[in-house]
Amino acid sequence: MRQLPLLQWSESRWRVLQPAIYLVSILPALVCGLVFWGHLVIGQFLSVAAAVVLIQHAVNVFNDEVDWKKGADGEKKDSWYHFHQGDTSALKTHAWTTLTLGFGMGLFVIIQARHWEILWVALPLLLLGLLYNHSHWTLSYTRWGEWVTGICYGPGVFGCMAYLLSQKFSWNLVLGSLAFSFLAVAVLLSHQPPQVLSDFAAGKASFAVRHGVEKTYQIAHILTVLTFCLLALVLTERWNVSLFTFVRMGILTTLVWLLPSKLSPSVILKLVTFQILIFGMFLKVGW
């Protein structure tokens, strides 16, 4: 197994703490809170949001272990493997403890709300999330990795949370699930080009390895634009022809115009966060 030079352990250890990446889990909760405000039970809402973040964190830790073992993290200095200084036992304990806590919190809320039907969707998708990294199949290394990411964050995170809050299926649930599926895949794709060579060497069949860097950036760009459009629909109660309709359209156009040709996860998440905050303000004020 490869080892970092001793001096680099301390240099790289704390770089792994990247709060921004958890926006992929936090933003669906924020949109659900804005759209389904009338159905909100604060304790349940915060518990579910925390559970999703913990589960994402556990999957990230498992991912770093797998990438290190397979050699797909040559350019990656912010690894949880580095954080634990190569102690795989501590890393696995970290991942399983976080996963168990997140699953327990989510299950407690579902039991308390008496919406057992959510488990028919949530449990298979949680298992799918585990298979993404922690299995003999390691779906993150196959051509199914992008599909698994989209399904887990779309219907899995936003869809289940929206149903828990609203207690019914709606267009907002469907459109929001699509929006966060596209967002999660766009973030994943924008992350792939800088490490395409090490992914190829490790046998990882990522989209960038299969289709090339340029195509990967193009698809990430398209998915981000679709995310903007779908979130604009979800965060708008009604599209009346008024001054604020044109303001919304102007903001949407500006966001699309600001997108660089070569996206990064941080750029995508910052712009989507900005859109959600601005459109959410319009929604709450009634504009």
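The values are calculated or read from the model by the stated rules, or taken from the named source; none is laboratory data. Bear in mind the structure is a predicted one, so any value in this text is a computation, not a measurement. Here the Cβ positions follow ideal geometry from the backbone for every residue, glycine too, while neighbour counts run over all protein chains shown.
Could you check segment 115-164 and list, in sequence order, the residues that are farther than 27 Å from Lys69 by Cβ, surrounded by 23 or more Cβ atoms within 10 Å (Cβ to Cβ) and not aliphatic (A, V, I, L, M)? Answer for segment 115-164, where residues must be farther than 27 Å from Lys69 by Cβ, surrounded by 23 or more Cβ atoms within 10 Å (Cβ to Cβ) and not aliphatic (A, V, I, L, M): Gly154, Phe158, Gly159, Cys160. Taking Ser177 as the residue in question, decide whether it is in contact with a helix residue (DSSP H, G or I) (Cβ under 8 Å, 6 or more places away or on another chain), buried (at least 22 other Cβ atoms within 10 Å of the Cβ) and hydroxyl-bearing (Ser, Thr, Tyr). So Ser177 fits the description; yes.
Determine whether Leu119 is in contact with a Cys (Cβ under 7 Å, 6 or more places away or on another chain) and modelled with pLDDT of 85 or more. Here the answer is no, as Leu119 does not meet what is asked. Phe83 passes every criterion in (1) over 27 Å from Lys270 (Cβ atoms); (2) more than 21 Å from the chain's Cα centre (by Cα) apart from (1). Taking every residue in segment 168-192 that is over 11 Å from Pro155 (Cα atoms) and among the basic types (Lys, Arg) and pairing it with any residue that is at pLDDT below 95 and not in a helix (DSSP H, G or I), at least 6 positions away or on another chain, yields no pair with a Cβ-Cβ distance below 9 Å. Would a scan of segment 100-113 turn up a residue that is within 24 Å of the chain's Cα centre (by Cα), assigned to a helix (DSSP H, G or I) and closer than 24 Å to His191 by Cβ? Checking segment 100-113: at least one residue is within 24 Å of the chain's Cα centre (by Cα), assigned to a helix (DSSP H, G or I) and closer than 24 Å to His191 by Cβ.
Selection within segment 268-277: residues that are surrounded by fewer than 16 Cβ atoms within 10 Å (Cβ to Cβ) and hydrophobic (A, V, I, L, M, F, W, C). The member of this set that is farthest from Val185 (Cα to Cα) is Leu277.
Table: residues versus (1) buried (at least 20 other Cβ atoms within 10 Å of the Cβ); (2) at pLDDT 90 or above; (3) under 28 Å from Phe279 (Cβ atoms).
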| position | (1), (2), (3) |
| --- | --- |
| Leu30 | no, yes, yes |
| Gly33 | no, no, yes |
| Val41 | no, no, yes |
| Gln44 | no, no, yes |
| Lys69 | no, no, no |
| Trp80 | yes, no, no |
| Ser89 | no, no, no |
| Trp96 | no, yes, no |
| Leu101 | no, yes, no |
